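Contents: one structure, followed by commentary.
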Amino acid sequence: DDSSYARYGQGMDRGDWRRANVDSIILKLSRAIKEENPHCKFGISPFGVWRNSSQDPDGSATAAGQTNYDDLYADILLWLKNGWIDYVAPQLYWEFGHPRAAYEVLLDWWSKHTYGRHCYIGLGIYKAGINSTWRDKTLIPRQIDSLRAHPEIQGMIFFSSKSFDNNPNGWSDSLRLHYFRTPAIVPP
């Protein structure tokens, strides 16, 4: 984006300029969706780390090599605070105790940064079997129990649904027979 930045950057820091461009798209999308159908819910499923606390006091106690704000130029918190999105579904595809981005740390962080919007935690069922941690059949059930203990979290989204076809770690059966015996109702 060198030529565009040179032409339109107007002296802004390049990161701020990129974020401003992304922000304008999100705002325009939000307005267009609400104009077409005010009942339609518009949400984003971002990478799980907004910013590390080493970069911003409002960031999470993580050491992620990539963040939404600094590397993807997505200021999710701005969109939530301004009501441009109705929900957020952060991709928390890490396990408990992960050294750079622990599931429990990010779950707690997101539960405190929804600004009254709905939050659905993205769980990485696709990672089943990649290492000993992801071969633990209790992992996803423990993650579900943990997120359900946060009243600010309205639910979860699994990535990817095709992962359920092979019943990884017995999770398909566990979820169907235990966690979701009855249909989940979308929160109002």
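The table that follows gives values for the structure above.
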{"item": "Boolean, R142 is in a helix (DSSP H, G or I) and either in contact with a strand residue (DSSP E or B) (Cβ under 9 Å, 6 or more places away or on another chain) or modelled with pLDDT of 95 or more (or both)", "result": "yes"}
{"item": "Residue in the range 27-44 that is in contact with a Lys or Arg (Cβ under 9 Å, 6 or more places away or on another chain) and either touching a residue at least 40 places away in the same chain (Cβ under 8 Å) or of a type in the set (S, T, Y) (or both) present", "result": "yes"}
{"item": "Filtered residue count, the range 101-112, keeping only those that are crowded, with 18+ Cβ neighbours inside 10 Å, in a helix (DSSP H, G or I) and either modelled with pLDDT under 95 or not β-branched (V, I, T) (or both)", "result": "5"}
{"item": "Positions within the range 74-91 being under 16 Å from I153 (Cα atoms) and of a type in the set (D, E), in sequence order", "result": "D86"}
{"item": "Flag if I25 is farther than 30 Å from I140 by Cβ, among the β-branched types (V, I, T) and open to solvent by 50 Å² or more (accessible area, probe 1.4 Å)", "result": "yes"}
{"item": "Single residue of the range 86-100 satisfying the filter (of a type in the set (A, V, I, L, M, F, W, C) and farther than 29 Å from S24 by Cα) that is surrounded by the most Cβ atoms within 10 Å (Cβ to Cβ)", "result": "W94"}
{"item": "Residue in the range 149-164 that is free of Cβ contacts under 8 Å to residues at least 40 places away in the same chain, open to solvent by 40 Å² or more (accessible area, probe 1.4 Å) and more than 30 Å from W84 (Cα to Cα) present", "result": "yes"}
{"item": "Condition check for G83: over 24 Å from N131 (Cα atoms) and assigned to a loop (DSSP other than H, G, I, E, B)", "result": "yes"}
{"item": "Among (1) over 30 Å from H98 (Cα atoms); (2) at pLDDT 95 or above - the single one V49 does not satisfy", "result": "(1)"}
{"item": "Options Y93, Y115: the member that is at negative phi, touching a Leu at 6+ places or on another chain (Cβ under 9 Å) and not in a helix (DSSP H, G or I)", "result": "Y93"}
{"item": "Hits in the range 54-85 - residues which are over 25 Å from W17 (Cβ atoms) and surrounded by fewer than 17 Cβ atoms within 10 Å (Cβ to Cβ)", "result": "A61, A63"}
{"item": "Residue that is in contact (Cβ under 8 Å) with a residue 12 or more places away in the chain and over 29 Å from G15 (Cβ atoms), where the choices are S146, S111, S132", "result": "S146"}
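The values are calculated or read from the model by the stated rules, or taken from the named source; none is laboratory data. Please read all numbers here as calculations on a predicted model, not as lab measurements. Positions of Cβ are backbone-derived with ideal geometry, glycine not excepted, and every protein chain shown enters the neighbour counts. For accessibility, only protein heavy atoms count, side chains too; no ligands or nucleic acids. Shrake-Rupley method; radii C 1.70, N 1.55, O 1.52, S 1.80 Å.
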